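What follows is a short report on a single structure.
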Amino acid sequence: MPAYTENTELIAEAYAYVIEMYRELSDENGAPTPGTENQAVDVILSDPDLCHAVRDWAAGANIGEASTAPPRRLPRDALYERVRAFLAGVMEPSVFTPASA
C-alpha cells in the first residue's frame, strides 16, 4: 500500500533522490518512467528510516539550486541499497547498453 504524506517538501526530496539514483544506474540524463518513479518514491515514503535518510541527503545536496558543478555520487547507505534494489528489479535495460552474451 502506498504511503500517504502531506509533506510536499519530503515528497519533492524523494523524487529528486529517485531521479539521481536513476541517472547513476542508467547513465542517462533523465528520469525513470512515471510509474517506476512513483513506485520508488512510495518505497521511500513507506519507511520512516528512509524518509529520514532522504531528508538528510537533500539537506546537503541543495536540490532546489541550479549548479554547473558536476553531480556528486549518492552515498552508499541503507537508503541507496533499498532504492537501488527496487529500481534494478523494475528498470528495463537501456537500448544503448550492449546485450551480454
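Every read-out reported here was derived from the displayed coordinates using simple, explicitly stated rules and does not represent laboratory data. Nothing here was measured: the structure is a model prediction, and the numbers come from that model. Quick reminder, even Gly has a Cβ in these numbers, built from the backbone with ideal geometry, and neighbours come from all protein chains shown.
Taking the longest Cα principal axis of the chain as reference, the axis of helix 8-26 is set at about 20 degrees. Which angle from 0 to 90°, rounded to the nearest 10, does the C-alpha axis of helix 48-61 make with the longest principal axis of the chain? Orientation of helix 48-61: about 80 degrees from the principal axis. Between the Cα long axis of helix 34-45 and the first principal axis of the chain there is an angle of about 40°, rounded to the nearest 10. Counted by Cβ distance under 12 Å from Asn29, the other residues give a net charge of -3, where Lys and Arg count +1 and Asp and Glu count -1. Counting neighbouring beta carbons within 10 Å and listing from fewest to most, the residues Thr5, Thr68 come out as Thr68, Thr5.
Across the chain, the convex hull enclosing all Cα atoms gives 118 Å³ per residue. Dividing the mean sequence gap of close Cα pairs (under 8 Å, 6+ apart) by how many residues the chain holds gives a relative contact order of 34 percent. Here r is the Cβ-Cβ distance between Ala69 and Glu6 and R0 is 35 Å; the resulting FRET efficiency, rounded to 0.05, is 0.60. Placing dummy labels 7 Å off each Cα toward the beta-carbon, the span from Ala59 to Asp47 is 2.0 nm.
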